Amino acid sequence: MEKQTNICQEQAFNKVYKAQAQSLRNFMFFKTKDTDASYDLVQEAFLKLWQNCAKVTPEKAKSYLFTTANNLFLNTVAHKKVQFKFTQGVKKSQDNNSPEFLLEEKEFGQKLQKALDSLTQLQRTAFLLSRVEGKKYREIAAIYNISEKAAGKRVLDALEKLRETIENL
């Protein structure tokens, strides 16, 4: 049997899809407990595989898909935590604050969300893992399989960009 070396070929990509899609869906369902969300994450992971097909060998496709889907899941969870914490803060402050303060707070929340959206996916995830989940650079480095210094750099770059973006808004 001849070995496929390029996932960019439709036949090779389809072979990877048929071999990995169901187990990846099961893995994502185990994490999300939501059928629709698991299908969405799997679809997005395969889309990213297709976009990076020239960089991924067939031997590494399974690992790439599972890592990508897991990272997408972590991004979703981190984003939901930020939204939840923000809405909890707004609810607490609504009891004792004037309408003007509440309006300013809502506007700042929108600016913050816009600033977070302007970050690259890697910066946003590293920042949220660090600042929202309280993970250390060592833990972030382990998740991304990078050095501790690189993880710290991503968080610091995100902070710098957030400061610039929020100041300019």
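Where a number appears in this text, it was derived from the coordinates with a stated rule and is not lab data. These figures come from a predicted structure and were not determined experimentally. No Cβ is skipped: glycine too gets one built from the backbone with ideal geometry, and neighbour counts run over all protein chains shown.
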Among LYS81/LYS106; LYS85/LYS114; LYS31/LYS80; LYS18/LYS60; LYS111/LYS135, which pairs are too far apart, with a Cα-Cα distance over 21 Å? LYS111/LYS135
Extreme residue, positive dipole direction of the chain, given options SER38, ASN71, GLN22 (C-beta unit charges): GLN22
Order of CYS53, CYS8 under a 10 Å beta carbon neighbour criterion, fewest first: CYS8, CYS53
For ASP157, net neighbour charge (Lys/Arg +1, Asp/Glu -1) across residues whose Cβ lies under 12 Å away: +3
Treat every Asp and Glu Cβ in the chain as -1 and every Lys and Arg Cβ as +1, leave all other atoms uncharged, and give the resulting dipole magnitude about the Cα centre to the nearest 20 debye. 620
For ASP117, ASP157, what's the fewest-to-most ordering of other Cβ within 10 Å of each Cβ? ASP117, ASP157
Can you match semi-axes √(5λ) of the Cα gyration tensor in Å to one of these, (i) 27, 17, 15; (ii) 37, 19, 14; (iii) 29, 24, 12, based on a calculation from the structure here? (ii)
Projected area of segment 1-96, taken from the Cα convex hull and averaged over every viewing direction, in nm²? 7.3
Mind checking the full-extension length gain between LEU112 and PHE84? Use 0.36 nm per residue of separation minus the Cα-Cα distance, one decimal, nm. 8.7 nm
